[in-house]
Amino acid sequence: MSANEGRIVVGVEDTEESDHAIRWAAHNALALNKPLHLVHAFVWPLMGVDVDPVPGVSGSGLKVAAQRLLDDAAQIAHEVAPGCEVTTQIVDGRAVDVLIQQSATADALVVGSRGLGRFLSIIVGSTSSALLTRSKCSIVVVRGDIAADGPVAVFYDGGTAFDRALERAAEFAKVYGTGVRVIPSIVIPEEKWAGILESAQRHLREVAPEVDVEITEYGRQHTAKELIRRSEGTRLIVANARGKHGELERQPVVSNTAFLQYANTPVWLERQ
């Protein structure tokens, strides 16, 4: 499927959101038959901080604490997905730089989300937008209910790379034994929805004929808030990280940022 078929990489931090991301990644890595790699970016050496243990104090030191964090993360992964291949690594550097490096051999980078869309807010408004513009694989922001049993949603923003996002959604739909729900952007007129559905059905008949495709019901209000409502109950939202002409945008989030920030569902940003 991807040019970078490989492991699922999770950026590990000492937060509940990170643990949530680990659980999602472990479950899906096992389902997709991919290895899981847990990485902690160790920034302290860059700041000249002594990371070695305190002499005579067992279990002390920042490096020891980082390894303990990864050990705990691996335990979470094994509890969720016994049998999943799990590796861990501490890498010196800033989180964004470390994850970009890891993306060269990954199918996806998985990160947690603090609050309502904190991660997406960061990548839109700061230098860490490089995570999408420079990464070699897709990015997953994990939030909300990771045990929902509904369809896999795919976000249609009118871009030329929709077929690729549709294929990724179908890949997960086959794993989950469910269907795909197309959610058009608020910039797409409703009179075009029937054609979008027909095109999606035609494409999946060729690449994933066992997957059913539906389009979200019409709403009285064609707004970002309505889009969020339509995404409720879905297992995952797949969206393109590219602009309409196949080029990565400076703000590497698809057109309805609020939809992806506040949807109570994990979001897979497809990076080709």
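Every read-out reported here was derived from the displayed coordinates using simple, explicitly stated rules and does not represent laboratory data. The structure presented is a predicted model; accordingly, all values stated were derived computationally and were not measured. Neighbour counts run over all protein chains shown; Cβ positions are idealised from the backbone, glycine included.
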**OP:** Check the straight Cα-Cα distances from residue 192 and name the lysines below 28 Å, setting aside those fewer than 8 residues away within the same chain.
**Re:** 174, 225, 244
Subject >> Principal axis dimensions, the stretch 141-238 - Cα atoms, whole angstrom, descending >> reply: 33, 31, 20
Original post:
Residues with beta-carbon under 14 Å from that of residue 79, excluding residue 79: net charge, scoring Lys, Arg +1 and Asp, Glu -1?
Top reply: -2
**OP:** Net charge near residue 9: determine it from the other residues with C-beta under 12 Å of the C-beta of residue 9, scoring Lys and Arg +1 and Asp and Glu -1.
**Re:** +2
